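**Student:** I am attaching a structure below and will ask some questions about it afterwards.
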Amino acid sequence: MASNWIDIRDEIRRRVLERELLPGAKLPNDQELAEEFDCSRTTVQRAMLDLAQSGTVNRRRKGGTTITLHPITRTTFDIPITRLEIEAAGHEYGYFLVSRDILMSPPRVASSFGLAEPTKMLRVRALHMADKQPYIFEDRWIAHDTTPEILDVDLSRESANEWLIRNRPYSDCEVRFLAKRATHEEADLLAADVDEALFVMERTTWINGAPITTVRALAKPGYQLVAKAN
C-alpha cells in the first residue's frame, strides 16, 4: 500500500529520534524516497516540507536534504483531516456538501491571498459530522487556476479538506484563530444558538506564491484544539 505524506514524515522523524539518522546525515533524494515508500515525489516533497518547517531537516536546492545539526523545538500545527480527527476520537464520521459554485471571490478572500483584485474561484461549503451531529462547518474558496484537478473531484463524496491535504502540497500557510457570533444560518447548521460564540479557524495556503485555498472553519460549541511541541 502506498504511503501518504504523514506516514513518511512520521517514519523519518522516528528514524531521527531513534538515532537511525544522525544529525548532519544526508537523506536519499526525493525519487529514491518515493520508490522506498511506494508513492509519488509530490508526496515525499510534502513530507519533507513539513519536516523542514518543524526544524527536523534542512532542504537545499542543490545540496539535497540533511538532518538538522541542532534540531529546533517548536510548537507546530498540522492541518487536520477532519474525518480522521473524528474517527480517532471514536465517533462515526459523516459529511454533507452544502454548496459548490464557481463565483467571483469577494474582496475579503482576494485580500487574504494577497491578490490585487477579485478573481473567479471555486467556493465549497460543507458540513462535517460526528455521530450524526454537527462538528465543523467549512466555507472554503479554492483557486482552481492553481489546482485545476479539484474541478473533477466529486465533492459530494469526498471533502475538499481531505483531498487538498492528500494531493496539494503547499509552501506557505497562514493560520488565524478567532471567535464570532453565530449567524442564523451558522446556528442552524451547527445546532447552536443564534449569537452564540463559535470558535473559528481561518487557514490560507500558497504554493510558491500562487494561492491554493482559504477556508473559514466554524466549530461546534465546545470544540477544543490541541497543539503539540515537536
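**Student:** How many nm separate the modelled label positions at LEU22 and GLU174, each set 7 Å beyond the Cα in the direction of the Cβ?
**Tutor:** Distance between the two pseudo-spin positions: 4.3 nm.
**Student:** Could you give the angle, 0 to 90 degrees to the nearest 10, between helix 41-53's Cα long axis and the longest principal axis of the Cα atoms of the chain?
**Tutor:** The angle comes out at about 90 degrees.
**Student:** For the chain, take the longest principal axis of its alpha carbons; what is the angle in degrees between that and the long axis of helix 5-17, to the nearest 10 within 0 to 90?
**Tutor:** 40 degrees
**Student:** Could you give P(r) for the stretch 82-219, binned at 10 Å from zero, as whole percent values over all Cα-Cα pairs?
**Tutor:** Spelled out per bin, shortest first, that is 12, 41, 37, 10, 0.
**Student:** Let me ask you something else. At most 15 other C-beta atoms within 10 Å and a DSSP loop state: those are the exposed GluC sites (Glu not before Pro) I care about. Give me the longest piece of the chain that has none.
**Tutor:** 21-91
**Student:** If you keep only loop residues by DSSP, which trypsin sites (Lys or Arg not before Pro) in the stretch 1-48 have at most 15 other Cβ atoms within 10 Å of their Cβ?
**Tutor:** Within the stretch 1-48, the qualifying trypsin sites (Lys or Arg not before Pro) (loop, at most 15 other Cβ atoms within 10 Å) are ARG19.
**Student:** May I ask you to give the solvent-accessible area per residue for the stretch 5-67, in square angstrom, as obtained with a 1.4 angstrom probe?
**Tutor:** Value returned for the stretch 5-67: 55 Å² of accessible area per residue.
**Student:** I'm checking a number: the convex hull volume of the Cα atoms of the stretch 5-67, normalised per residue, in Å³. What is it?
**Tutor:** Spelled out: Cα convex hull of the stretch 5-67, divided by residues, is 74 Å³.
**Student:** Same structure, new question: Between the alpha-carbon centers of the stretch 185-225 and the stretch 53-132, tell me the distance in whole angstrom.
**Tutor:** 12 Å
**Student:** Give me the 1.4 Å probe accessible area per residue for the stretch 82-219, excluding ligands and nucleic acids, in Å².
**Tutor:** 49 Å²
**Student:** Straight-line reach from LYS132: which lysines have a Cα under 30 Å away, not including same-chain ones fewer than 8 places off?
**Tutor:** LYS180, LYS220, LYS228
**Student:** Let me ask something additional. So what is log10(I(q)/I(0)) for the chain at q = 0.16, 0.18 1/Å, when the Debye sum runs over its Cα atoms only?
**Tutor:** Result of the Debye calculation: -1.22, -1.41.
**Student:** I'd like the carbon and sulfur percentage of the solvent accessible area for the chain, probe radius 1.4 Å, heavy atoms only, ligands and nucleic acids excluded.
**Tutor:** Here it works out to 49 percent.
The values are calculated or read from the model by the stated rules, or taken from the named source; none is laboratory data. Only a predicted model underlies this, so the values are computations on that prediction, with no experimental measurement involved. Cβ sites come from the backbone with ideal geometry, for glycine too, and all protein chains shown count toward neighbours. These area figures cover heavy atoms from the full protein model, side chains too; ligands, DNA and RNA do not enter into them. Shrake-Rupley method; radii C 1.70, N 1.55, O 1.52, S 1.80 Å.
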